[in-house]
Amino acid sequence: MKPSIYRKVMLGFGIIIVLMIAASSYVLIELQRVAEMTRAALTVDVRAIDLAKQMRTVMYEEERYAQKYLITLDSAYLSVFADNNRQFTRFLDSLSAMLPERQEQRELLTIGELHDWHFASVAAAGAHDPAANERQRTESIDKILKTLDELITTKQHAVSTSMLDIDLAAQRSLRVASLISLGTLLAAITGAFLIARTITRPLRTLVEGTRRIAGGAFTQIRVRSNDEIGDLAAAFNSMSASLDAVNRFRAEMMQHISHELRMPLQTMHSAYFLLTEQKAGTLNDGQRKLMDSMRENIDKIARFSNQFLDLSRVEAGMMEYNFSSCDLGALARQAIADASVTATRREINLTFTETPAPDVWVDPERCAEVVGNLLSNALKYTNKEGTVEVSVGPCNQGARLEVHDSGIGIPPEELPMVFTKFYRASTAVRGRNRGTGIGLAFVKALVEGQGGRVSARSILGKGSTFVVEFPATKGNGRNARP
């Protein structure tokens, strides 16, 4: 079963959740450990210290009443002494139950034996000399108090050590928890990046493929994704192949149509020649005007047929270019010379300025078609006594050609569409000149096919400027290569 995008996303989130649970579990375990250490320190050691201090206090009270009894032999003092003795014994039993270590148990056993002997010696003093065993009782009391002091000191040191261990454990837990949290965060970021990459990378490839198709290049794309995006890429490639086949069929069809058009056009040209040469009879002035109109329309059909056929070849990727290094200024001068007749007839001022520029790496024939189409377009939409200015100069890419006219102009909202096939600006539609909407699309296709760029700017009612840039030839020599 192939991994879908949903499964990839859920797997990524699952891994992140598992990492977060693991990090949280470790933190909880460490907190439990710190809590147990704290409880042990507070409930055992601190309680032991408290009991030892109470036993010491009781021992002092017990000895005080023992001395009073030994001096007075008053049974009331003996009763209080016995109560203190029992209280001391209870504390000793509690302390013994609380301290499991063998060494501590031996010390407590010694305290118990000494304390029992002390009680027995005091109780028996009423029947014997009270001063007897005084020295031994004092030594036993001192030993009991000393042992209790040592126990208190030991437990206080244990509490300090436990607090230090707790602090170290807390710091260590904090560091480890921070590292785990940081690791989890990095893992989450890495996982999110990888998941996003597996989704966005093939999508970018699809976007690039779509742009290539929009530019007329029906190439296959490669997407290594075994999910819905992979299915989309397969469908995209199938669509691209179908469009390529349709485009090639269209180009071949246009070639056949163009071929079928050329034969009758040639026949019409031959008839026109015979009639204008008056080999089939004399023509009057009205007939001559009709023949000139017929010739003009025949030429228009021929130009349209050739341009549309070439544009179809470019769009199908079948256009062939014969690149060489050439002077863009020389091509412009030749095109201006060819267009000067039309400019003079229409009383349009045609000017040319040139700034030294590097040679460009283009197909000279196709480049001449570009310049010729731009000049024809400028003259077509420039009114009588207007101006058309052509200039050639250097640019960042290589050399640049500008064709500026003082014609009708193009509305700003329509300017981005002037290079679209069959599109005609509203100002051109309302004018007296009826174009086909092929010329500028053909210019754009030829310029971009030779590695150049074309752009336009216009002010409505004041004219338009078309700019073409071609790449320079490396070495700037006639036989050089780009």
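The values are calculated or read from the model by the stated rules, or taken from the named source; none is laboratory data. Just so we're clear, the structure is a prediction, and the values are computed from it rather than from any experiment. Note: ideal-geometry Cβ built from the backbone for every residue, glycine included; neighbour counts use all protein chains shown.
Before moving on, here are some points about what is shown:
- Any hit, the stretch 422-435, residues being under 13 Å from L374 (Cα atoms), in a helix (DSSP H, G or I), among the aliphatic types (A, V, I, L, M) and modelled with pLDDT under 90: no
- P356 meets all of the listed conditions (1) out of contact with any Ser or Thr (no Cβ under 6 Å at 6 or more places or on another chain); (2) touching a residue at least 12 places away in the same chain (Cβ under 8 Å); (3) outside any loop (DSSP other than H, G, I, E, B) but one, namely (3).
- Residue in the stretch 437-447 that is touching a helix residue (DSSP H, G or I) at 6+ places or on another chain (Cβ under 8 Å), modelled with pLDDT of 90 or more and assigned by TED's automatic domain parsing to the domain that holds G463 present: yes
- Members of the stretch 41-81 that are over 21 Å from E150 (Cβ atoms) and touching a residue at least 40 places away in the same chain (Cβ under 8 Å): A66, Y69, L70, I71, L73, L78, F81
- Close pairs (8 angstrom Cβ cut-off, 6 or more residues apart or separate chains): closer than 21 Å to R248 by Cβ and among the hydroxyl-bearing types (S, T, Y) in the stretch 217-236, surrounded by 13 or more Cβ atoms within 10 Å (Cβ to Cβ) and at pLDDT 75 or above anywhere: T219/G209; T219/S240
- Selection over the stretch 367-408 of residues that are more than 43 Å from the chain's Cα centre (by Cα) and assigned to a loop (DSSP other than H, G, I, E, B) gives a count of 9.
- Residue pairs whose Cβ atoms lie under 6 Å apart, separated by 6 or more positions or on different chains, with the first residue in the stretch 374-397 and of a type in the set (D, E) and the second surrounded by fewer than 23 Cβ atoms within 10 Å (Cβ to Cβ) and in a loop (DSSP other than H, G, I, E, B), are E385/E347.
- Test set (1) modelled with pLDDT of 70 or more; (2) within 23 Å of S464 (Cα to Cα) - Q307 fails condition number: (1)
- Scanning the stretch 55-85 for residues that are surrounded by 20 or more Cβ atoms within 10 Å (Cβ to Cβ) and either more than 15 Å from F119 (Cβ to Cβ) or of a type in the set (G, A, S) (or both) returns a single hit, A66.
- Residues in the stretch 450-469 that are among the small types (G, A, S) and touching a Leu at 6+ places or on another chain (Cβ under 8 Å): A456, S458.
- Test: residue in the stretch 114-137 that is over 30 Å from V159 (Cβ atoms), touching a Ser or Thr at 6+ places or on another chain (Cβ under 9 Å) and not in a helix (DSSP H, G or I): yes
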